[in-house]
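Following: one structure in C-alpha cells, then a few remarks.
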Amino acid sequence: MKEWYPHQNSIMKQTRKLTRILLAMIMFLILGCFGTEIEPLTLERIENNSSLLKLEGYYFNIFGDMSENIEIFFLYQNGVFLDGASSEISKLNQRELDFKSGAYANIAGERQSRWGVYKIENDQFVYEKWYAGNSCCITAIKTGLIKSDSVLVIDGREFLFKPFSPKPDSTNTFIN
C-alpha cells in the first residue's frame, strides 16, 4: 500500500513549476541568441604597409585603481585587430603562454567580439571591432593618435608596444 505524505502534492507542484520556469528561461536564451543579428563591420580591412606602428608584438595599457590590470591587443599587417582581452597583471605570464600555445586563438576563434579591423591615416589610428552586447555583437569605431611607432593613445589611455612572438594567428571566420 502506498504511503501518502501531506506535503508530497505541494512539493510535486513546486517542482513542476520550477521545471517550467527553467525550460522557459532556456528557450528564451536559445531563441534570443539565434534570433539576433550581428552588425557587419563598416571599416574595410586593408593591408598595413606603413612603418608607423610596430607589429611584431602587442600593445598594452595598465589600468585599475592600483594598476593591477592590463589590456592587450594585437595588430597584424593584413589589417586585422585581435583583442587580447584584459587580465590581471599577476596572470600575464599565463596569458602570454596561452597566446604562444594557440589556446587563446582557439577561444578567440569562436568569439566574434575579439576581432576587428584597423587602418592608419597619417598619425591617426582607426579601428572597428565587435563588442558583445544585449543584441549579441554590435560594432564601434574608435580612433587614436600615433605618438611613435610603439605608443598609441586611445580614449586618453596610452598603449605601449611590447615585442612578443609568436603572436596568435590572425586567421578567423569573421573577417575576410
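Nothing in this text is a laboratory measurement; each read-out follows from the coordinates by a stated rule. What you see is a predicted model, and the numbers here were worked out from it, not measured in a lab. So basically every Cβ, Gly included, is an ideal-geometry build from the backbone, and we count neighbours across all protein chains shown.
Some points to look at:
- The stretch 57-163: C-alpha gyration tensor shape, a/c 1.5 cut-off, then a/b vs b/c: rounded
- Spatially proximal aspartates and glutamates relative to Lys167 (Cα-Cα < 13 Å; intrachain offsets below 8 disregarded): Glu56, Asp83, Glu96, Asp98
- Between the stretch 44-91 and the stretch 99-172, the alpha-carbon centres lie 6 Å apart.
- Amide H contacts of Tyr58: Lys162, Phe164, each under 5 Å away and 5 or more positions distant or on a separate chain (H built 1.01 Å from N in the peptide plane; Pro and chain starts excluded).
- Scalar couplings 3J(HN,Hα) for the stretch 86-101, obtained by applying the Karplus form with A = 6.51, B = -1.76, C = 1.60 to θ = phi - 60°, are 8, 8, 6, 4, 5, 10, 4, 4, 5, 4, 5, 5, 5, 4, 5, 6 Hz; x denotes Gly and Pro.
- In a DSSP loop and with at most 13 other Cβ atoms within 10 Å, the GluC sites (Glu not before Pro) in the stretch 29-118 are Glu37, Glu44, Glu47, Glu56, Glu68, Glu110.
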